[in-house]
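Report on the structure given below.
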Amino acid sequence: MKNIIITGGAGFIGSHVIRLFVTKYPGYKIINLDALTYAGNLENLIDIDHSSNYIFEKVNILDVEELERVFAEHEVTDVVHLAAESHVDRSIESPLDFVYTNVVGTVNLLNAAKKHWKGKFDNNLFYHVSTDEVYGALGSEGFFTETTPYHPNSPYSASKASSDHFVRAYGETYDLPFVISNCSNNYGPYHFPEKLIPLFINNIITKKPLPVYGDGLYTRDWLYVKDHAIAIDTVFHKGTVGDTYNIGGFNEWKNIDLVILLCKQMDEKLGNENGTSEALITYIKDRPGHDRRYAIDATKINKELGWSPSVTFEQGLSETIDWYLSNQEWLTNVTSGAYQQYYTKMYEEGQK
Ligand code: NAD
Ligand code: TYD
């Protein structure tokens with residue numbers, strides 16, 4: 001019997017992890033601990049929120065007393081920690097928010113786990129979900145491996161790198177059993193439309209410009225979010241305590257090539273004349289400190305734990321677009337209110 005806190009379960013990746021764990025492990029109690037920031041949305045879980053092994057706790061990881069209450073009340077045995085401020089552009093505007101949630105919040109959770117598990121750690125695990133951005137930027141060659149030195153370049157990646165170090169330090173100092181995974185860029189359903197792929201899908205639907213930063217030749221390694229959730233399940237159950245696993249798709253795309261593929265697929269699905277969406281591409285001012293290239297070497301998780309991605313990028317992207325086209329109410333709901341102010345500030349005022 002496991003009672004697992006999954007933090008950030010109302011967010012993009014967290015909602016897929018919750019869905020997978022709740023449906024695959026009816027014997028586990030799954031506690032979704034989430035503060036419901038702008039990025040958290042309980043609509044993401046509407047299909048499983050009635051399940052008898054699922055509980056939602058609206059708690060901020062900065063609230064130590066509430067964390068301790070949840071650990072005690074639910075006799076928590078394990079943590080899968082995804083809650084974070086996750087958008088690089090927002091970290092450039094408000095770095096301290098990232099220090100509070102990503103660093104202080106993670107240390108609060110570590111303390112709550114350590115206190116509640118009373119140093120015995122018989123059957124406990126603290127699983128910290130992190131990003132490949134901690135490794136910094138690559139040139140045109142090479143890959144990030146688990147031994148690549150950390151070299152974070154944005155306030156977001158610096159805060160994630162710091163949280164990774166704290167998790168590892170709690171392992172060394174207090175024997176807290178932990179595992180960390182560092183994953184490449186995810187895409188898929190329920191992705192908040194401030195990140196590249198859902199933002200561009202939304203802008204194509206609403207016929208707005210597609211704002212490509214700089215020369216558009218920045219490279220990311222893209223992984224379908226459901227494959228990330230499966231990788232998290234695999235590492236949680238089969239990973240070696242104290243180890244790190246890199247998770248990625250061996251699927252590199254230059255931003256502009258990805259955007260052109262997205263435009264083609266969108267035109268086909270919307271019945272537009274070929275080239276309609278591409279005409280919306282607009283090059284805009286670059287992101288400061290923009291990392292040129294990320295690429296993950298996922299050999300370790302593949303060889304040791306047998307995980308590999310299950311869909312090609314073309315399939316995953318097509319399924320993602322289909323999901324957004326059939327869930328336009330979700331898109332309308334998350335893009336009303338505060339999103340409009342964010343969009344104006346980021347893409348309209350800044351460009352004048
Ligand atoms: P997201 O922004 O979609 O969701 C974050 C969730 O955390 C939201 O539900 C939000 O309400 C919650 N949250 C934020 N601050 C909180 C706080 N103080 N207390 C409690 N809950 C809080 O993020 P995501 O894209 O799903 O990313 C999840 C995790 O995976 C993050 O740790 C991120 O660093 C990591 N990651 C993301 C990607 C990616 O491509 N999105 C890739 C690799 C790793
Ligand atoms: P993003 O989805 O923000 O993820 P990350 O910065 O964590 O990699 O951005 C992916 C890439 O797309 C990145 O190189 C920045 C670029 N990008 C744009 O060109 N325009 C945009 O409007 C956004 C949001 C991102």
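Only residues that are open to solvent by 30 Å² or more (accessible area, probe 1.4 Å) and either near ligand 1 (Cβ under 10 Å from one of its atoms) or touching an Asp or Glu at 6+ places or on another chain (Cβ under 8 Å) (or both): list them for segment 197-214, please.
Listed by number, the list holds a single entry, Tyr213.
Can you tell me which residues in segment 288-320 are of a type in the set (Asp, Glu) and in a helix (DSSP H, G or I)?
Glu304, Glu314, Glu319, listed by residue number.
Among the residues of segment 46-65, is any away from ligand 2 (no atom under 16 Å from the Cβ), touching a Phe, Trp or Tyr at 6+ places or on another chain (Cβ under 7 Å), in a strand (DSSP E or B) and touching a residue at least 12 places away in the same chain (Cβ under 8 Å)?
no
Does segment 70-89 hold any residues that are among the charged types (D, E, K, R) and either in a loop (DSSP other than H, G, I, E, B) or closer than 20 Å to Ala10 by Cα (or both), and which are they?
Matches in segment 70-89: Glu75, Asp78, Glu85.
Does segment 171-186 contain at least one residue that is among the polar types (S, T, N, Q), out of contact with any Lys or Arg (no Cβ under 6 Å at 6 or more places or on another chain), within 19 Å of Gly9 (Cβ to Cβ) and open to solvent by less than 10 Å² (accessible area, probe 1.4 Å)?
yes
When you go through Ile301, Ile284, Ile296, Ile321 one by one, which is the residue that is surrounded by fewer than 18 Cβ atoms within 10 Å (Cβ to Cβ) and not small (Gly, Ala, Ser)?
Ile284
Hey, among the residues in segment 232-281 that are small (Gly, Ala, Ser) and open to solvent by less than 60 Å² (accessible area, probe 1.4 Å), which one's nearest to Gly316 (Cα to Cα)?
Out of the qualifying residues, it is Gly249.
Of all residues in segment 215-231, count the ones that are in a loop (DSSP other than H, G, I, E, B) and open to solvent by less than 10 Å² (accessible area, probe 1.4 Å).
Matching residues across segment 215-231 total 1.
Considering only residues that are part of a helix (DSSP H, G or I) and farther than 29 Å from Tyr342 by Cβ, which ones fall in segment 167-196?
If the condition is that a residue be part of a helix (DSSP H, G or I) and farther than 29 Å from Tyr342 by Cβ, then Val167, Arg168, Ala169, Tyr170, Gly171, Glu172, Thr173, Tyr174 are the ones that fit.
Quick check on this structure: which one of Lys254, Lys238 is charged (D, E, K, R) and either within 12 Å of ligand 2 (Cβ to nearest atom) or touching a His at 6+ places or on another chain (Cβ under 7 Å) (or both)?
One residue alone meets the criteria, Lys254.
Report yes if some residue within segment 71-84 is crowded, with 17+ Cβ neighbours inside 10 Å and without any contact (Cβ under 8 Å) to a residue 40 or more places away in the chain; otherwise report no.
No, every residue in segment 71-84 fails to be crowded, with 17+ Cβ neighbours inside 10 Å and without any contact (Cβ under 8 Å) to a residue 40 or more places away in the chain.
Within segment 24-36, identify whether any single residue is crowded, with 24+ Cβ neighbours inside 10 Å, within 11 Å of ligand 1 (Cβ to nearest atom) and outside any strand (DSSP E or B), and answer yes or no.
No; the residues of segment 24-36 include none that is crowded, with 24+ Cβ neighbours inside 10 Å, within 11 Å of ligand 1 (Cβ to nearest atom) and outside any strand (DSSP E or B).
Keeping to segment 134-166, report how many residues are assigned to a loop (DSSP other than H, G, I, E, B) and either in contact with an Asp or Glu (Cβ under 6 Å, 6 or more places away or on another chain) or of a type in the set (S, T, N, Q) (or both).
8
If you take the residues of segment 151-182 that are touching a helix residue (DSSP H, G or I) at 6+ places or on another chain (Cβ under 6 Å) and within 11 Å of ligand 2 (Cβ to nearest atom), which of them is farthest from Ile256 (Cα to Cα)?
So the residue we want is Lys160.
Could you check Ile92 against (1) in a loop (DSSP other than H, G, I, E, B); (2) open to solvent by 10 Å² or more (accessible area, probe 1.4 Å) and say which number it fails?
For Ile92, the failing item is (1).
How many residues are more than 11 Å from Leu196 (Cβ to Cβ), within 16 Å of ligand 1 (Cβ to nearest atom), among the hydrophobic types (A, V, I, L, M, F, W, C) and not in a strand (DSSP E or B) when one looks only at segment 247-267?
1
Of everything in segment 110-133 that's out of contact with any strand residue (DSSP E or B) (no Cβ under 6 Å at 6 or more places or on another chain) and assigned to a helix (DSSP H, G or I), which residue is most open to solvent (accessible area, probe 1.4 Å)?
Selected residue: Lys115.
The values are calculated or read from the model by the stated rules, or taken from the named source; none is laboratory data. As the structure is a prediction and not an experimental result, all values here were calculated from the model. A quick note on method: Cβ atoms are made from the backbone with ideal geometry, for glycine too, and the neighbour counts reach across all protein chains shown. For accessibility, only protein heavy atoms count, side chains too; no ligands or nucleic acids. Shrake-Rupley method; radii C 1.70, N 1.55, O 1.52, S 1.80 Å.
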